[in-house]
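The values are calculated or read from the model by the stated rules, or taken from the named source; none is laboratory data. These figures come from a predicted structure and were not determined experimentally. Cβ placement follows ideal geometry from the backbone for every residue including glycine, while neighbour counts extend to all protein chains displayed.
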Amino acid sequence: MTLLAFDWAMIIEKLILIVIIVLTTLLITLYTTFGERKVAAILQDRPGPNRAGPFGLLQPLADGLKLIMKEEIIPTSASKWLFILGPGLAMTASLMTSAVIPWGTEIHLFGRTIELQVADINIGLLYVFAVVSMGVYGIMIGGWASNNKFSLMSALRAASQAISYEIAMGLALIALLMSTGSLSLKTIVADQVTGNWWNVVYQPLGFLIFFICAMAECNRTPFDLPEAENELNFGYHQEYSSMKLGFYLFAEYVNMIMSSAIMASMYFGGYDLPFFDESTVAPNIAAIIGVGTLLIKIVLFVFLFMWIRWTIPRFRYDQLMNLGWKKMIPLALINMLITGAFILSKL
Amino acid sequence: MNTLEILFYALSALAIISAVMVLVSKNPIHSVLWLILVFFAISGHYILLNAQFLAIVNIIVYAGAIMVLFLFVMMLMNVKKDNEPQKQLWVKLIGVIAGGSFLTLLIALVKQNTSFQGRDVLLKDGNIGLIHPLGQALFTDYVVPFEISSVLFLSAMVGAVIIGKK
């Protein structure tokens, strides 16, 4: 039978990997919301959620249950299908990045070598960039379909903010690309594991620019202008209720985890545990250590995101645009020039 | 039918149906969203031809940037179907006939052109669409046209900023 003659085992293996990655991401996301509230509580010198379960550990489940149980409301004047499509798109776009992230080396199981990466495509970095630029559609469609002027204004703000910071982000990525010479995330991480230094040593300014832009793309304070609850009521998801609202809120956290994973992979060695020779242990154990290392790096970045959120107040809109266009983009261009000069001098 | 053919027909159907929906949709916002789907289907075709760079750039530039600007304009102008000018039936009919005869002309041209006949399509094969050979070609053989077009883009950008400031 020639119909659909391809490696079914590979397909099943990838499917299982995708399901594991998505479920793990959602589970971590659930506990990131809890972490956010705990971090906020610590920074504001109060106990935080501590009633549900030991140390309040069941709080995310209670939150999730509450969101699901709420009444599902679709405004009569809303454009129904787009109203439903919006949160789904936001969630999809934020989860799609996980396809190119190398979560570890490889595991040997049942006589097969399983790569801990869904797709090693040779345009990995550009794929990340494309997915980031897709992320704005969920917000824009949801904001417009709500048929509410506050939602629409906030959606437009979100879109213009995302577009402005995407440019500086892309330029920072180009500088990284120049110094690594590869677009494949797997190669970038492997070079950092075998080479002496992590990429952040070669690209400190590039990392700083990328980090700030990632914060702006995730709509985190100080860049949470799209939400700006004291001037726009609640932002683009004002008309949403129940799990559709939950999807928007979750998508923000998934975005945060994914951009942390990208930053860890591109600038901080990915699954590389420093000062440890992976070849001294069995390959499977080394892979598991690698996955754990990457997760720890992600958690550290997420904590940094939260720390900044609860420390710095929100920008004004003109300040945000000034920072994006007049500071980040020139800085990224200078970074690119310096990288180019450095590469030329080494030739 | 092998996998490639199934993918080809699925993507083609998606592209054509979405393209028809762009025209048929009464609401301009829906048209823009269908157009985004068309770009995705075309990117899928590029990937089938192993032109990965072209595919991803098509998504970044068209679906990711230009369509966002389209949506922006539509949303800010608040174009709705009730305040859109309705054309008369005979105008629509003339449009369909004119477009249809142009399509017939194009198909006839492509079908009769001898340079298209007896050629094989490089499916999932050949490396000209990959980023490394493409960069090599652009910066060695075609460096002058490449630089001239970048100057053109720069002047367009400067022009846009100057017009925007007025």
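Numerical summary
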| quantity | calculated |
| --- | --- |
| Residues being touching a residue at least 40 places away in the same chain (Cβ under 8 Å) and under 13 Å from A:VAL299 (Cβ atoms) - total across the range A:26-40 | 6 |
| Residue tally, condition basic (Lys, Arg) and at pLDDT 80 or above, over the range A:77-125 | 1 |
| Residue in the range A:277-306 that is surrounded by the fewest Cβ atoms within 10 Å (Cβ to Cβ), counting only those that are hydrophobic (A, V, I, L, M, F, W, C) and not in a helix (DSSP H, G or I) | A:ALA282 |
| Residues of the range A:71-87 that turn out to be within 17 Å of A:ALA155 (Cα to Cα) and outside any helix (DSSP H, G or I), as a count | 2 |
| 2 or more residues of a type in the set (Ser, Thr, Tyr) and buried (at least 17 other Cβ atoms within 10 Å of the Cβ): qualifying helices (runs of 4 or more DSSP H) within the range B:1-112 | B:28-48 |
| Cβ-Cβ under 8 Å pairs, at least 6 apart or on other chains, the range B:12-39 side assigned by TED's automatic domain parsing to the domain that holds B:ILE59 and at negative phi, far side surrounded by fewer than 16 Cβ atoms within 10 Å (Cβ to Cβ) and assigned to a helix (DSSP H, G or I) | B:SER31/B:LEU23 |
| Count of residues meeting criterion [assigned to a helix (DSSP H, G or I) and either facing chain B (nearest Cβ under 7 Å) or touching a Cys at 6+ places or on another chain (Cβ under 7 Å) (or both)] in the range A:121-153 | 10 |
| Failed condition for A:HIS237, given (1) surrounded by 18 or more Cβ atoms within 10 Å (Cβ to Cβ); (2) in a helix (DSSP H, G or I) | (2) |
| Subset of the range B:125-149 [of a type in the set (A, V, I, L, M, F, W, C) and closer than 20 Å to B:ILE56 by Cβ] | B:ILE128, B:LEU130, B:ILE131, B:LEU134, B:ALA137, B:LEU138, B:PHE139, B:PHE146 |
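So that you can scan it fast, the table gives a plain yes or no per residue for (1) modelled with pLDDT of 90 or more; (2) among the hydroxyl-bearing types (Ser, Thr, Tyr):
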position: B:ALA63; (1), (2): no, no
position: B:PHE72; (1), (2): no, no
position: B:MET77; (1), (2): no, no
position: B:GLN86; (1), (2): no, no
position: B:ILE94; (1), (2): yes, no
position: B:SER101; (1), (2): yes, yes
position: B:LEU105; (1), (2): yes, no
